[in-house]
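Remarks on the structure that follows.
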Amino acid sequence: MFFKKWLSATLFLLAPFPAFAHPHIFVDARLEVLAADDGTIAELRNVWRFDELFSSSVLLDFDKNTDLKLDEHELADLGEVMRTSLKDFHYFTTITQNGKTIPIAQPDVIHVSYKDGQVLVFFAVKPTEPVHLKGRMTFGIYDPSLYTAIDFPSDADLVPEGKAFAACKHQVVRPDPDEVIAQNKTSLTDAFFNDPTGTDMTKLFATRLEVTC
């Protein structure tokens, strides 16, 4: 699906762009995957830094007292709008186990700050049901419509944490788009490139943490 432009018609605009349209929002991300001592996934901690252009539009929308900054209450309102708006998109967070997508539960709260002209977002999500580190698993953040470009500045921004990961192999995968297309040309159809709602195939292009246990 395509994103509604939430934040008072500022973000996630539901518009007729093709799935491979140029991104309109840019995010630098960090993802920490925490495993509990019993080998289950405890939570995925997200830190997102939005680009300055988008952040400035958020400031205009949520600065209710027009003092050119976001106070505690305005930031709380922004966090709740994000928590509601991103629900249908699973908070851009994806977990797979042996190719099967694991459902994501809604976070209790999304914390937001505004620093040096950029919106910073902090939140944690969990699987809806207990999931053990087993088989081949992937963890990542991506927008299936490609309206938002999510980047991990370095491999160190995709972090497995917890003793349970000691029994697993893990690596950060940064797919080459040309290679993905070449390897999947029989399954990538015209609809994939032209459907304005995007398709699940877009996750093939997403940077991710792959874990094998």
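The values are calculated or read from the model by the stated rules, or taken from the named source; none is laboratory data. No experiment lies behind these values; they were computed from the predicted model shown. Neighbour counts run over all protein chains shown; Cβ positions are idealised from the backbone, glycine included.
Restrict the check to region 99-111 and report whether at least one residue is out of contact with any strand residue (DSSP E or B) (no Cβ under 7 Å at 6 or more places or on another chain), of a type in the set (D, E, K, R) and in a loop (DSSP other than H, G, I, E, B).
yes
Return the pairs, sorted by first residue and then second, in which the second residue is among the basic types (Lys, Arg) and at pLDDT 95 or above, the first residue lies in region 66-81 and is closer than 14 Å to GLN118 by Cα and surrounded by 17 or more Cβ atoms within 10 Å (Cβ to Cβ), the beta carbons are less than 8 Å apart, and the residues are 6+ apart or on different chains.
Every condition considered, no pair remains.
Are any residues in region 144-156 closer than 19 Å to LEU204 by Cα and either of a type in the set (A, V, I, L, M) or touching a residue at least 24 places away in the same chain (Cβ under 8 Å) (or both), and if so, which ones?
Passing the criteria: PRO144, SER145, LEU146, TYR147, THR148, ALA149, ILE150, ASP151, PHE152, PRO153.
Select from region 112-134 the residues that are assigned to a strand (DSSP E or B) and of a type outside the set (A, V, I, L, M, F, W, C) and list them in ascending order. If you could, list the steps in order and put the result at the bottom.
Initially, region 112-134 is screened for residues assigned to a strand (DSSP E or B), giving 112-115, 118-125, 127, 132.
Residues satisfying the conditions are SER113, TYR114, LYS115, GLN118, PRO127, HIS132.
Going through LEU53, LEU86, LEU60 one at a time, which residue ends up being hydrophobic (A, V, I, L, M, F, W, C) and either touching a Lys or Arg at 6+ places or on another chain (Cβ under 9 Å) or surrounded by 18 or more Cβ atoms within 10 Å (Cβ to Cβ) (or both)? Quick ask: steps written out before the conclusion?
Details: LEU53 fails: either touching a Lys or Arg at 6+ places or on another chain (Cβ under 9 Å) or surrounded by 18 or more Cβ atoms within 10 Å (Cβ to Cβ) (or both); LEU60 fails: either touching a Lys or Arg at 6+ places or on another chain (Cβ under 9 Å) or surrounded by 18 or more Cβ atoms within 10 Å (Cβ to Cβ) (or both).
Among LEU53, LEU86, LEU60, only LEU86 is hydrophobic (A, V, I, L, M, F, W, C) and either touching a Lys or Arg at 6+ places or on another chain (Cβ under 9 Å) or surrounded by 18 or more Cβ atoms within 10 Å (Cβ to Cβ) (or both).
Over 21 Å from LEU78 (Cβ atoms) and touching a strand residue (DSSP E or B) at 6+ places or on another chain (Cβ under 8 Å): which single residue out of VAL121, VAL131 fits that description? Steps first, answer last, please.
On the way: VAL121 fails: over 21 Å from LEU78 (Cβ atoms).
The match here is VAL131.
Determine if region 40-49 includes at least one residue that is in contact with a helix residue (DSSP H, G or I) (Cβ under 9 Å, 6 or more places away or on another chain), at pLDDT below 95 and surrounded by fewer than 18 Cβ atoms within 10 Å (Cβ to Cβ).
The answer is no, given that none of the residues of region 40-49 is in contact with a helix residue (DSSP H, G or I) (Cβ under 9 Å, 6 or more places away or on another chain), at pLDDT below 95 and surrounded by fewer than 18 Cβ atoms within 10 Å (Cβ to Cβ).
Quick grid of which residues meet (1) under 24 Å from ASN46 (Cβ atoms); (2) part of a helix (DSSP H, G or I); (3) at pLDDT 65 or above:
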site: VAL172; (1), (2), (3): yes, no, yes
site: PRO175; (1), (2), (3): yes, no, yes
site: LEU188; (1), (2), (3): no, no, no
site: PHE193; (1), (2), (3): no, yes, no
site: PRO196; (1), (2), (3): no, no, no
site: MET201; (1), (2), (3): yes, yes, no
site: LEU204; (1), (2), (3): yes, yes, yes
site: VAL211; (1), (2), (3): yes, no, yes
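Do you know which residues across region 85-98 are part of a helix (DSSP H, G or I) and within 23 Å of GLU129 (Cβ to Cβ)?
Initially, region 85-98 is screened for residues part of a helix (DSSP H, G or I), giving 85, 87-92.
Residues satisfying the conditions are LYS87, ASP88, PHE89, HIS90, TYR91, PHE92.
Sort through LYS134, LYS115 and tell me the only one that's among the basic types (Lys, Arg), over 17 Å from LYS100 (Cβ atoms) and surrounded by fewer than 18 Cβ atoms within 10 Å (Cβ to Cβ). Don't jump to the end; show me each part of the working.
Numbers: LYS134 fails: over 17 Å from LYS100 (Cβ atoms).
Matching residue, one of LYS134, LYS115: LYS115.
Kindly indicate whether any position in region 50-67 is touching a His at 6+ places or on another chain (Cβ under 6 Å) and not aromatic (Phe, Trp, Tyr).
Within region 50-67, the subset touching a His at 6+ places or on another chain (Cβ under 6 Å) is none.
Within region 50-67, none of the residues are touching a His at 6+ places or on another chain (Cβ under 6 Å) and not aromatic (Phe, Trp, Tyr).
Search region 2-39 for residues being at pLDDT 95 or above, over 16 Å from the mean Cα position of the chain (by Cα) and closer than 21 Å to HIS90 by Cα, and hand back the single one that is surrounded by the most Cβ atoms within 10 Å (Cβ to Cβ).
The qualifying residue surrounded by the most Cβ atoms within 10 Å (Cβ to Cβ) is ALA35.
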